[in-house]
Every structure is written in C-alpha cells, then in structure tokens.
Amino acid sequence: MLPELKLSPLRYTLAIIDLGGFHAAAKQLHRSQPAISMAVRDLEERLGQRLFEKGNGKAALTPFGRWCEPRFRELVAHHDRICRDALAIARQQRGHVDIAAVPSVASRLMPTLLAGFLEAFPGIDISLQDGHSERVNEMVLKGEVELGITSLWLPDDALTFEILLHDDIGVVCRDDHPLARKDALHWQALKPYTLIRNGTSRLLQGSSAEELLTNSTLYISNMISLTAMLEAGIGITTLPRLAFQEEHDQLRFIPLSTPRLERQIGLLQRTGQSLSPAGQAMNNYLLDQLRDKPNMEVSISKYD
C-alpha cells in the first residue's frame, strides 16, 4: 500500500531547502523547530529514506532528497493550483454556463441581460443557444444546457419551471389593415379576416377565441415567411409581444383585450439536479432581473 503523503511536511521540507535550515524555516512558518523536525522525520519514515544528511549541522539534501525536491514542488504547486481554481469556481469568480432560450427572448432580452451579467461576473464564460420551446426543453432534459428560458406548454416532472414574466398576446397586421387603427381588439373583430396560424397560436386553445383556429386554413411556422405574408397583406396573425418584430415598420401590434391571453416565460432546469456555481449565478441573476418586472423594450429578429 502506498504511503499517504500529507501536504504540510512537503511544504516544511521545501521551506528548509529554500531558507537554508530548520530554524529559519520554523521562524518563517511560525512553527516551533521541534514541530518542523518531527513532521520531516515522519515524512522520512513514510518514504523509508532520509531527505537530509544527518549530523553535519546543515540542511544538506541526501541524493534521495535531491530526487524528491522537484517532485515535492510539482505536487505542492499542483495542489495549490487546483485549490485556487476550485475556490474561484465555487465563489463564482470563474466558470462556464450553458443556457438556451427561445429566439424572441434570446434576441430581445438576452443582449442587455448578458451584458449586465458579464459585468457582474467577468470571469464566467457563457454559451447561449436558441431554439423553439420544445427544443429548449429537450436541451435542458438531455443536460446539453443547465438553464432554459422558454415556455413550458405541458407539465413535466423532470423539469422545474419558475415563471419570470408574462408576455401578452396581440394581433399583428399590416399598418394599412382596418384593424391597425384600433387600440385593442375583441377576438370577434378578427373573424372577417384571414388568420395565419403559427407556433404560438396554441395559446388561443381553450379560450373563447379558439373558434379562430378552427376556421384558419393557413399555418406558417417560420417567422421570416410569416412576416413576408403579413407584409404582403395575405392575412393577420396573433403573437406574444416579445415575438413581434418591431423593426418591421409596415406591421403593427394591437393588444388582444378579450380574451386577455399571455405566454408565460420562465426559467427551466432539471428537477433534482444541482446547478454549477456559474449556473447558480446565472439563475439568481435572471430571477433578480426578470421576475415580476415589466418586459424590456428592445428589438428582436427571430421567432420561436
């Protein structure tokens, strides 16, 4: 069985070598000289060889001691390096966190949020992926990312979902459409017009506006294509406010007042799975910045 080498005797040995003697090492280390001598003697017994020559009044290394010196230095340095790294990660001074978000959140909220996070935690690296809500859920479940910012359409015991914000649903149409002049809309006002369904149209299910889905014959899942259809005047659609691309001057967002519907955006993580220190820092930061606060007014460029 290999002997267990304690770190303190190794440090004492190196101090004796560097300072030229047991007395100087004891003074530097704030230990008594007998304590230093006893620790070194115990180390020699564990190794089965003397480290220092005996009886010449100097801290002269034996051949075995000369062989051990660079290896002791390497071992102590390796220990200290691991200790520093572990403490930095534990204290959220260093680390890496993988997160995923639906595109509307990734493009409208994350630029400002990540800028603030990096200022608060400059030593933490971040990897951000975007995808539709089901893809974000899948990445969290598979452990590809630690945290997801998304909607949870169906409850899942394997996932913990904490609501961050509520994203109101509205009607999007071209700015010359008859509905564009309204400040708010009742769902029945949409009945005469062609409704283009999209991935978030399921939010109308179970509400009084569900009839609109039944009568719709056009479904587009891609935001670029949906925007083109809207700008061409093919029809109207419903979207969460965050998913509305405000940079398209031809389009207008009108809140849906009846029924009042919303998309819940929340923080997703695996149930019963601890976060890394960096992941916990991101989790706490997002909760502090977003929970129970109004939506941030920034531009978006994609669709979830």
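The values are calculated or read from the model by the stated rules, or taken from the named source; none is laboratory data. The model shown is predicted, which means the values in this text are computed figures rather than measured ones. In this analysis, Cβ positions are derived from the backbone assuming ideal geometry, glycine residues included, and neighbour counts consider all displayed protein chains.
A few comments on the model shown:
- Check on Thr160, in the same structural domain as Pro277 (by TED's automatic domain parsing), farther than 29 Å from Phe253 by Cβ, buried (at least 16 other Cβ atoms within 10 Å of the Cβ) and among the β-branched types (Val, Ile, Thr): yes
- Residue that is farthest from Pro259 (Cα to Cα), among those in the stretch 177-225 that are hydroxyl-bearing (Ser, Thr, Tyr) and surrounded by fewer than 16 Cβ atoms within 10 Å (Cβ to Cβ): Ser225
- If the condition is being hydrophobic (A, V, I, L, M, F, W, C) and more than 18 Å from Trp187 (Cβ to Cβ), then the stretch 200-231 contributes Ile220, Met223, Ile224, Leu226, Ala228, Met229, Leu230.
- Unmet criterion (only one of (1) of a type outside the set (Asp, Glu); (2) touching a strand residue (DSSP E or B) at 6+ places or on another chain (Cβ under 9 Å); (3) surrounded by 13 or more Cβ atoms within 10 Å (Cβ to Cβ); (4) free of Cβ contacts under 8 Å to residues at least 40 places away in the same chain) for Lys58: (3)
- Pairs meeting the criteria (first residue in the stretch 190-209 and within 26 Å of Asp176 (Cβ to Cβ), second residue part of a helix (DSSP H, G or I) and not aliphatic (A, V, I, L, M), beta carbons under 6 Å, at least 6 apart or on different chains) are Leu204/Glu210; Ala209/Trp187.
- Within this structure, Gln92 passes the test of being in contact with a Pro (Cβ under 7 Å, 6 or more places away or on another chain) and of a type in the set (S, T, N, Q).
- Helices (runs of 4 or more DSSP H) wholly inside the stretch 25-114 that include at least 3 residues being under 30 Å from Met139 (Cβ atoms): 63-90, 103-108
- Matching residues, the stretch 252-288, being crowded, with 17+ Cβ neighbours inside 10 Å and among the aliphatic types (A, V, I, L, M): Ile254, Leu256, Leu261, Ile265, Leu267, Leu268, Ala278, Ala281, Met282, Leu286
- Contact annotation: residue pairs with Cβ atoms under 6 Å, 6 or more positions apart or on different chains, pairing a residue in the stretch 87-100 that is within 7 Å of Pro277 (Cβ to Cβ) with a partner that is part of a helix (DSSP H, G or I), are Ile89/Pro277; Ala90/Pro277; Gln92/Pro277; Gln92/Ala281; Gly95/Ile89; Gly95/Pro277; Gly95/Ala278.
- Residues in the stretch 175-207 that are over 38 Å from the mean Cα position of the chain (by Cα) and either of a type in the set (Ser, Thr, Tyr) or on the phi > 0 side of the Ramachandran plot (or both): 2 in all.
- Restricting Ala15, Ala88, Ala25 to those that are surrounded by 13 or more Cβ atoms within 10 Å (Cβ to Cβ) and either among the acidic types (Asp, Glu) or closer than 30 Å to Glu119 by Cβ (or both) reduces the list to Ala88.
- Filter pass, Leu14 being within 24 Å of Asp80 (Cα to Cα) and in contact with a Lys or Arg (Cβ under 7 Å, 6 or more places away or on another chain): yes
- All of (1) at pLDDT below 95; (2) out of contact with any strand residue (DSSP E or B) (no Cβ under 6 Å at 6 or more places or on another chain); (3) over 18 Å from Gln280 (Cα atoms); (4) surrounded by 15 or more Cβ atoms within 10 Å (Cβ to Cβ) hold for Gln93 with one exception: (3).
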